[in-house]
């Protein structure tokens with residue numbers, strides 16, 4: 001069995017059926033500010049706490065698996081080692097590595113309890129200021 005991989009919680013996403021409604025909710029309830037980023041209807045916020053970036057996006061399936069209401073992404077040093085460790089521990093990679101330009105390589109996996117999360121090998125070791 002491969003050795004466990006080191007992880008850091010780096011990102012979370014809020015998946016919404018109605019993105020404008022969800023955006024208003026988080027702006028009003030928590031005072032978060034959102035910036036459009038990437039495809040239409042996709043927003044980022046850096047106002048959730050130091051060292052985190054969060055996304056607000058429309059709900060979508062990943063390889064036929066409905067994404068949860070909230071999803072988390074762990075930062076890893078080596079995406080291939082993370083996939084091997086996930087599989088060896090009884091999990092399943094449900095989306096193979098996908099490169100997001102200037103960000104890194106992302107996978108989604110399902111743990112032994114059916115929970116879905118992401119793992120990302122980031123291109124930059126730390127968040128920009």
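Only a single item in (1) within 30 Å of residue 6 (Cα to Cα); (2) in contact with a strand residue (DSSP E or B) (Cβ under 8 Å, 6 or more places away or on another chain); (3) modelled with pLDDT of 90 or more is not met by residue 36, and it is number (1).
When both residues are 6+ apart or on different chains and their Cβ atoms are under 6 Å apart, which pairs have a first residue that lies in segment 17-36 and is loosely packed, with under 10 Cβ neighbours inside 10 Å, and a second that is part of a loop (DSSP other than H, G, I, E, B)? From residues that are loosely packed, with under 10 Cβ neighbours inside 10 Å, the pairs are 17/59. If you go through segment 45-64 and keep only what is part of a strand (DSSP E or B), without any contact (Cβ under 8 Å) to a residue 40 or more places away in the chain and surrounded by fewer than 18 Cβ atoms within 10 Å (Cβ to Cβ), you end up with just 61. The residues on offer are 54, 124, and the sole one that is modelled with pLDDT of 85 or more and either over 16 Å from residue 12 (Cα atoms) or under 12 Å from the mean Cα position of the chain (by Cα) (or both) is 54. For the condition surrounded by 16 or more Cβ atoms within 10 Å (Cβ to Cβ), within 16 Å of the chain's Cα centre (by Cα), in a helix (DSSP H, G or I) and touching a residue at least 60 places away in the same chain (Cβ under 8 Å), residue 119 does not qualify.
Against the test of being in contact (Cβ under 8 Å) with a residue 60 or more places away in the chain and in contact with a strand residue (DSSP E or B) (Cβ under 6 Å, 6 or more places away or on another chain), the options 74, 98 yield a single qualifying residue, 74. Pull up segment 65-81, narrow it to residues that are under 29 Å from residue 34 (Cβ atoms) and not in a strand (DSSP E or B), then point me to the one that is modelled with the highest pLDDT. Top of the filtered list is 79. Annotation: residue 95 fulfils all but one of (1) in contact with a helix residue (DSSP H, G or I) (Cβ under 8 Å, 6 or more places away or on another chain); (2) assigned to a strand (DSSP E or B); (3) over 13 Å from residue 14 (Cα atoms); the unmet one is (1). Taking the condition within 15 Å of the chain's Cα centre (by Cα) and surrounded by 13 or more Cβ atoms within 10 Å (Cβ to Cβ), does residue 68 pass? Yes: the conditions hold for residue 68.
The values are calculated or read from the model by the stated rules, or taken from the named source; none is laboratory data. Model, not experiment: these values are computed from the prediction. Neighbour counts run over all protein chains shown; Cβ positions are idealised from the backbone, glycine included.
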